[in-house]
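Accompanying notes for the structure given below.
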């Protein structure tokens, strides 16, 4: 992510090919197909598959269907790669693997921090590219944060004193990078993760309930959050906002108005990218219409409404609530960091980048694999039992 900010889907795709070969060598296609079918036939799997199909169908009424199809491919390829890795039965991170990944992420964070501190000395020396503004590292900072959390979780739960020391060092390194970066979304996500983890320690059931309620309310009210902030926020408070934050409220208000012009089925997958060209969107009030050229609403829940309408937003909301329900059924020591991770990641996508970007979905996919994979030594014990 330091060298190429869009490398995550490529790396995950190459990993999926390797695990596909490993799975075929271990037991052939039948066990892999059975595991994949079990995952896809789970309630969450069915809902996510239904959303992917609905998103694909929605490109048929988009004003730019080919662009929607290209983005749909970017959207589905990382989850498909993750499904292949999980179905292979060969992904069982050993303690050595987890330590190596922790060191890798920590080194990446240190390199990124050094680049920010020295105004890209290494990139200039290597002449990698001309993109040397600090905000280009926002994706990399988010990647380090998202990967650090499941690695810290595995090191803390499965390792000894040295592993816990490495977990603390990794967490500290990722936090320093996040607050040194320009990514306000990463800072918000980290703060929410820490707050949710502390709340979980004090009241786990209440924290899970509050997380689910906040998630559902945000998904349901996404189209009206912008207008509500515009109407209710005191002028004195708004005057203290950074210009980028003030503009973001205007963006939410504009895209929220667009969503309400076609609330049921939306404008078509990825239509938000060029919504200013859609004839229906011309009904938006002229002062706000210029904001459509931004390209996306800087809010995943709102983009789900704009692109896929109430149907798509409801499918995603149902899948998210089922995930919270699964976390509730886990032992508390297993669900603590995943719950904080869910809350933090959702906070990030509520205020940040486009919803369907492949790099973000690829990083989340890898994090899910790391959270859910059975360690090698545990699987060996289960096999002997």
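The values are calculated or read from the model by the stated rules, or taken from the named source; none is laboratory data. Note that this is a predicted model, so its numbers are computed, not measured. Here the Cβ is made from the backbone with ideal geometry for all residues, glycine too, and neighbour counts use every protein chain on show.
What pairs come out if I take residues in the stretch 178-189 that are touching a residue at least 24 places away in the same chain (Cβ under 8 Å) and pair them with residues that are surrounded by fewer than 22 Cβ atoms within 10 Å (Cβ to Cβ) and part of a loop (DSSP other than H, G, I, E, B) whose C-beta lies under 9 Å away, six or more apart or interchain? As it stands, the answer is 182/133; 184/242; 185/353, since those pairs meet every condition given. The helices (runs of 4 or more DSSP H) found entirely in the stretch 258-353 that carry 3 or more residues being free of Cβ contacts under 8 Å to residues at least 60 places away in the same chain are 286-289, 300-329. For residue 174, indicate whether it is over 15 Å from residue 342 (Cα atoms) and either part of a helix (DSSP H, G or I) or not assigned by TED's automatic domain parsing to the domain that holds residue 110 (or both). Against the criterion (over 15 Å from residue 342 (Cα atoms) and either part of a helix (DSSP H, G or I) or not assigned by TED's automatic domain parsing to the domain that holds residue 110 (or both)), residue 174 qualifies.
Can you find, within the stretch 51-64, the residue that is nearest to residue 296 (Cα to Cα) among those that are surrounded by fewer than 17 Cβ atoms within 10 Å (Cβ to Cβ) and touching a residue at least 60 places away in the same chain (Cβ under 8 Å)? Per the criteria, the residue is 63. Per the listing 290, 281, the residue uniquely at pLDDT below 95, crowded, with 21+ Cβ neighbours inside 10 Å, more than 15 Å from residue 349 (Cα to Cα) and assigned by TED's automatic domain parsing to the domain that holds residue 216 is 281.
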